[in-house]
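The structure appears below as C-alpha cells.
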Amino acid sequence: MCRIIAIANQKGGVGKSSTSINLAASLAVLEKKTLLIDADPQSNTTSSFPVSDNEDCTFTIDLYNYEKNSIRPFKTETPNLSFIPTNINLANLEIQEKNYFGTHHELKHSIEDIKNEYDYIIIDCGPSLNFITTSFLCIANSLLIPVQCEFYALSGLFKLFNVFKTIRDNYNRNLDIEGVLITMYDKRLAFSNVIVEEIKNHFKTLVFSTIIVRNITISEAQSHRKTVIDYDASSKGALNYLALATEIIDNNKNDEMSNDSLGKNLNEILDDAKKESDLSTIFDKLPINKERKSANYFSKNYEKLIGLSKKDINSIFSESYNDYYSDIWVFRLNERMSYFKKNYLYIYFTEDKVEKYELTVFRKRDII
Ligand SMILES: Nc1ncnc2c1ncn2[C@@H]1O[C@H](COP(=O)(O)OP(=O)(O)OP(=O)(O)O)[C@@H](O)[C@H]1O
Ligand SMILES: [Mg+2]
C-alpha cells in the first residue's frame, strides 16, 4: 500500500526540501518505489534534478486539472525514484484560490490514479500554510515536520498543528503525524542538546530517533543537482537520510499506524503545542555566561549595535551560544529587570549586519 507523506512546516529554511529529496532518494535506494512531488512554487526541489521548464512530463500544476490516465512523472537517474517537478504556474494557482480548505478534489483524483504504482509518495511543501500545502495535506496519509535545531525551533508549530486538526476533522480523517524530524543538528554548538531535549519533551514519541546533522554535503549535493546519496553516499548527510528512511519503513511495517502507535493522541499534541508560548525555560538550561559585562555597557544604548557584524557581536558578548548560521540571536541580560521587563535581547541580522534589535520578555513575544 502506498503511503503519502507531506513534508511541511510554514517556517522557511528548516530543511523541508532537503528532507524531501534525500528521504525520497533513500527510500528508492532501499528498493521502495517512490514518487517525489515538488509542491512549492519556489521550485528548490526541482532545481535538484535535471528537468527543464518544458520537460515532457507532468508538472505539479497538472495534478489540479484531473485528466484520467494522463500522469507521467519524470524518471530520475536514481532507480525507483520518479519525480513531479513544479514551475511558476503553481504560484498562479495560489493567487486564484481564496477559500482554500476542501478544494482538493481534482488533486485527489490525480493522486488516486497513480498511487498504486508507488510504495511512498513524498511531497515537498512550501514555507506557508497556503492552498497548495493544505490541499496536499487533504490527500496525504501523514505529515512529517522538519524542525531546525535552533532557538525558535518550536515557534509557530501551534499554527501548523491547528491546520492539521482542521484538515483532519473536516477533510481527511486518516491524516497522521509521521514524525517530527530534528534537522541541522550541530554538536559543536553548546545549546544543540538542550534544544533536542526541549523538542523531545514537547513531542515525546513523535520525534524520530534519527537526527539530521548539519552537513555541508547536503547543500553541496543540491548545487550539483544531485541527491546526497548520489553525490556522496558515505557522507554523514547520506547516512542520516538512509537511517530516516529505514526508520519510516520500520514504523510503517504494520500498515495501519493508529494513533496509539504514535504514542499520543491529537489532543495531547495540541496541548503540548500550546505550550510553545512559554519556552522561556529553555534559556534557564542554557550555559549562558551570567557575568557579561560588556552587554551592560550597551544596555542604555543598544542602537550602537546596529550595523555590527556577527563577529563583533560575538566579541562584545564575550560568550555566545547562538547558532552562527542563524539570523536571529538572543541574549539573556543580567541587568536588573526594569519596569519594562527587558530581560532578553534579540538581535536580527541581515547579511551579517545587525539590522534591528528588540528588548523584551521572551514569554510575551513568542505568542504566535
Ligand atoms: N542538514 C543540513 N546540513 C547543512 N545544510 C543544510 C541541511 N539541511 C538543509 N541545509 C541547507 O539549508 C538551506 C535550507 O534548506 P531547505 O531548502 O531544505 O529548507 P526548506 O525548509 O525547504 O526551505 P524553504 O522553506 O525555503 O522551502 C539550504 O541551503 C540547504 O542546502
Ligand atoms: Mg523548500
For region 190-247, how many residues meet the condition of being outside any helix (DSSP H, G or I) and away from ligand 2 (no atom under 16 Å from the Cβ)?
16
Please determine whether any residue of region 91-99 is part of a loop (DSSP other than H, G, I, E, B), under 26 Å from LEU181 (Cα atoms) and either free of Cβ contacts under 8 Å to residues at least 60 places away in the same chain or within 16 Å of ligand 1 (Cβ to nearest atom) (or both).
no
For the condition closer than 26 Å to THR217 by Cβ, in the same structural domain as ASP119 (by TED's automatic domain parsing) and open to solvent by 40 Å² or more (accessible area, probe 1.4 Å), what is the one hit in ASN80, ASN69, ASN54, ASN92?
ASN80
Can you give me the number of residues within region 12-27 that are assigned to a loop (DSSP other than H, G, I, E, B) and more than 7 Å from ligand 1 (Cβ to nearest atom)?
0
Look at ILE195 and say whether it is of a type in the set (Val, Ile, Thr), touching a Ser or Thr at 6+ places or on another chain (Cβ under 6 Å) and buried (at least 21 other Cβ atoms within 10 Å of the Cβ).
no
Would you call VAL163 more than 12 Å from ligand 1 (Cβ to nearest atom), within 14 Å of the chain's Cα centre (by Cα) and without any contact (Cβ under 8 Å) to a residue 40 or more places away in the chain?
no
Would you mind stating whether LEU129 is open to solvent by 20 Å² or more (accessible area, probe 1.4 Å) and assigned to a loop (DSSP other than H, G, I, E, B)?
yes
Does region 164-180 include one or more residues that are acidic (Asp, Glu) and open to solvent by less than 20 Å² (accessible area, probe 1.4 Å)?
yes
So which residues in region 211-247 are open to solvent by less than 20 Å² (accessible area, probe 1.4 Å), more than 11 Å from ligand 1 (Cβ to nearest atom) and of a type outside the set (A, V, I, L, M), if there are any at all?
THR227
Kindly indicate whether ARG168 is within 14 Å of ligand 1 (Cβ to nearest atom), basic (Lys, Arg) and over 23 Å from ALA245 (Cα atoms).
no
Could you count how many residues in region 138-165 are outside any loop (DSSP other than H, G, I, E, B), within 16 Å of ligand 2 (Cβ to nearest atom) and not β-branched (Val, Ile, Thr)?
5
For VAL180: the one exception among (1) aliphatic (A, V, I, L, M); (2) in contact with a Phe, Trp or Tyr (Cβ under 6 Å, 6 or more places away or on another chain); (3) assigned to a strand (DSSP E or B); (4) in contact (Cβ under 8 Å) with a residue 60 or more places away in the chain:
(4)
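The values are calculated or read from the model by the stated rules, or taken from the named source; none is laboratory data. Here the structure is a predicted model, which is why all the values come from computation and not from measurement. No Cβ is skipped: glycine too gets one built from the backbone with ideal geometry, and neighbour counts run over all protein chains shown. Please note that ligands, DNA and RNA were not included when accessible areas were found on the heavy atoms of the full protein model with its side chains. Shrake-Rupley method; radii C 1.70, N 1.55, O 1.52, S 1.80 Å.
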